[in-house]
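So the structure is just underneath, and the comments pick up after that.
Computed from the coordinates by the stated procedures, all read-outs in this text should not be read as laboratory data. Just so you know, these numbers come straight off a predicted model, no measurement behind them. Please note: Cβ atoms are built from the backbone with ideal geometry, for glycine as well, and neighbour counts cover all protein chains shown.
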Amino acid sequence: MTPSNARSTLLMAPALAWLTALMVVPCGLILALGFFRRGTYGGIEYTFTLENFGLLLDPLYAGIFLTSARIAGTATLIAVVIGYAAAYAIAAAPRHRQPILLFFAVLPFWSNYLIRTYAWIVLLNREGLITHGLRMLGYEGEPPSMLYTEGAVITGLVYNYLPFVILACYAPLSRLNPELAEASRDLGASAFTTFRRVILPMTVPGIAAGAVFVFVLSIGNFITPALLGGGRFQMIGNLVYAQFLTANDWPFGAALSMALIAIMMGLLTLQTFAAEKGAGEAREAADG
Amino acid sequence: MAERTPASRVGLISVLILIFAFLYIPIAVLVILSFNAGGMPTAWTGFSVKWYGALLGNADILQAALNTLIVAVISTLIATALGTLLALGIETRRRKGRALEALVFAPMIIPDIVLAIALLSFFSLLKFPMGLHTIILSHVVFNLAFVSAVVRARLKTFDWSVTEASADLGASAFTTFRRVTLPLILPAVIAGALLAFTLSVDEFIIAFFTAGAGRSSTTLPMQIFAMIRFGVTPEINALATLVMIVSVTALTLSQRLNRGVIAP
């Protein structure tokens with residue numbers, strides 16, 4: 001099959017048509033819905049308005065955005081620290097063992113999200129395994145409340161997205177030229193300085209990719225706050241869900257989703273920027 | 001990486017042990033409890049498979065499992081065909097525009113909840129009746145993106161001169177595809193299909209929003225979500241274990257066929 005744009009277009013056509021009909025058009029529809037008014041009895045009134053976007057600034061909803069950002073940010077920070085450490089340890093393992101270690105680090109990520117979240121309910125609920133373990137150690141008070149807390153939501157998010165951070169950080173770490181670190185040490189840099197000035201800058205693209213992924217998926221998450229937060233922690237994802245399935249305010253739900261997409265696109269742009277900057281610094285380090 | 005002192009090696013191994021413990025203990029607890037005769041998380045009262053037996057007697061769960069299988073198989077077949085053609089189309093293109101890359105990449109990164117409500121709005125504004133068929137239509141969207149990503153990765157190292165040789169020897173484009181290209185990329189195509197199958201079996205949010213009203217189109221993740229809301233039960237542990245076995249088997253197969261599907 002020699003390169004031919006006509007044939008290539010023909011090959012791509014069915015998939016692109018599918019994506020257009022069932023992704024581009026529906027997402028465009030959501031974009032449009034955000035500018036309409038909510039009908040008196042739910043439904044949509046087709047008059048142009050910007051009030052759905054104004055509503056995003058309402059202290060109640062702005063507060064939910066801030067809570068979501070705080071929870072997602074904390075989860076991202078923890079996941080990046082743990083994930084980077086794991087990726088570093090895997091990249092430092094003997095070459096022939098790395099693929100299998102990586103496979104097992106990433107495997108949980110591909111199993112059912114609900115089940116992985118449910119596993120934490122089993123551990124954290126009042127009569128769960130952790131309470132039981134504490135009792136065996138002699139603890140006699142009230143069972144600690146661990147489930148339905150912000151900590152539980154953050155733990156669930158870290159647990160679910162950690163494998164991706166490991167994968168994202170492993171890629172640049174495994175490509176790292178060991179001679180660079182050696183050269184740095186030979187020139188008298190301490191291990192910490194070598195890490196901070198040589199290894200870390202070269203792995204920024206991986207960290208950025210992992211961090212953006214965790215943050216975007218966490219801030220729009222709906223399952224984890226619903227199950228581990230017990231509905232006590234409204235996050236944007238739950239708010240969107242409520243607008244469509246209970247409050248019946250589709251235009252506002254659409255505006256909320258657009259805000260989510262805007263956050264995502266903004267972060268992806270930043271990530272591209274970080275990746276380019278990281279690549280530049282890596283070149284500098286390699287040349288210098 | 002550079003040579004390491006014994007102390008730093010112990011440190012690195014401890015990090016690995018702690019992280020694998022964090023990743024696998026919650027899952028292991030779930031699996032172990034699914035075999036606990038008493039069903040309580042607090043006391044081990046002997047090994048039993050009775051909770052698995054209970055699943056077989058639960059008509060709702062069996063119906064949900066059948067629905068999941070229908071959705072996963074059909075959406076995987078469509079997505080594999082479309083995704084493979086898409087990958088071939090993109091990789092044989094002289095110039096790949098950014099817009100094309102973004103369009104093909106979007107289904108993998110767009111938040112599920114956004115795609116879910118977009119599809120719900122789309123179907124309901126069109127007054128398109130919803131059910132298993134709308135879940136299938138929706139699952140193809142992200143499945144085809146994943147299949148094409150896996151197949152494209154394979155095509156990056158594909159030696160196109162073999163297809164030129166086939167054409168020079170007089171084979172038609174279709175014959176070349178069927179006899180030369182497809183057999184060479186088949187492991188990647190199957191790996192992509194297995195990945196799509198797993199993603200579809202596990203997918204909850206989009207199915208939840210596009211299933212329409214009524215219980216008849218409930219899938220397993222929807223069933224599990226409903227059960228979890230009532231609390232921890234030994235049946236969920238058993239069901240969760242079975243679903244994980246299916247995912248892990250499909251993915252391990254996928255990985256064996258094609259390094260790099262899950263991890264390089």
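I need the Kirkwood Rh of segment B:58-257: take the reciprocal of the average 1/r across all distinct C-alpha pairs and report it in angstrom.
After inverting the mean inverse Cα-Cα distance, the result is 18.4 Å.
Per residue, how much space in cubic angstrom lies within the convex hull of the C-alpha atoms of segment A:48-287?
Residue-normalised Cα hull volume stands at 170 Å³.
Of A:Pro201, A:Ala254, A:Ile154, which is farthest along the charge dipole of segment A:48-287 in the positive direction, counting Lys and Arg as +1 and Asp and Glu as -1 at C-beta?
Looking along the dipole axis, the top candidate is A:Pro201.
Identify all lysines with a Cα-Cα distance to A:Lys277 below 30 Å; exclude those on the same chain that are fewer than 8 residues away in sequence.
Qualifying lysines at Cα under 30 Å: B:Lys96, B:Lys156.
Return the sequence-ordered ³J(HN,Hα) values of segment B:125-139 in whole Hz as given by the Karplus equation 6.51 cos²θ - 1.76 cosθ + 1.60 applied to θ = phi - 60°, using x for Gly and Pro.
Values, residue by residue: 5, 7, 6, 7, x, 9, x, 4, 5, 6, 5, 4, 3, 6, 5 Hz.
Quick query: amide H of A:Ile44 versus all other amide H atoms, modeled in the peptide plane; which residues come in under 5 Å with a sequence gap of 5 or more or a different chain?
A:Gly39
Mean residue ellipticity at 222 nm from the helices of chain A, using -39,500 (n - 2.57) per DSSP H segment of n ≥ 4 over the full residue count, to the nearest 500 deg cm²/dmol?
-22500 deg cm²/dmol, from helical runs alone.
Place a label point 7 angstrom from the Cα of B:Leu253 along the Cα-to-Cβ direction, then list the residues of segment B:158-199 whose backbone nitrogen is under 14 Å away.
B:187-199
Using the Cα centre as the reference, give the magnitude of the dipole from point charges on the C-beta atoms of segment B:1-123 (Lys, Arg: +1; Asp, Glu: -1; all else neutral), rounded to the nearest 20 debye.
480
Calculated from DSSP H runs of 4 or more alone, at -39500 (n - 2.57) each and per residue, what is the 222 nm mean residue ellipticity of chain B, nearest 500?
Calculated mean residue ellipticity at 222 nm is -24000 deg cm²/dmol.
Alpha carbon centre of segment A:99-152 versus segment B:121-146: separation in Å?
34
Provide the net charge surrounding B:Ile228, with neighbours chosen by a C-beta distance below 15 Å and charges set as Lys +1, Arg +1, Asp -1, Glu -1.
Net charge in that neighbourhood comes out at -1.
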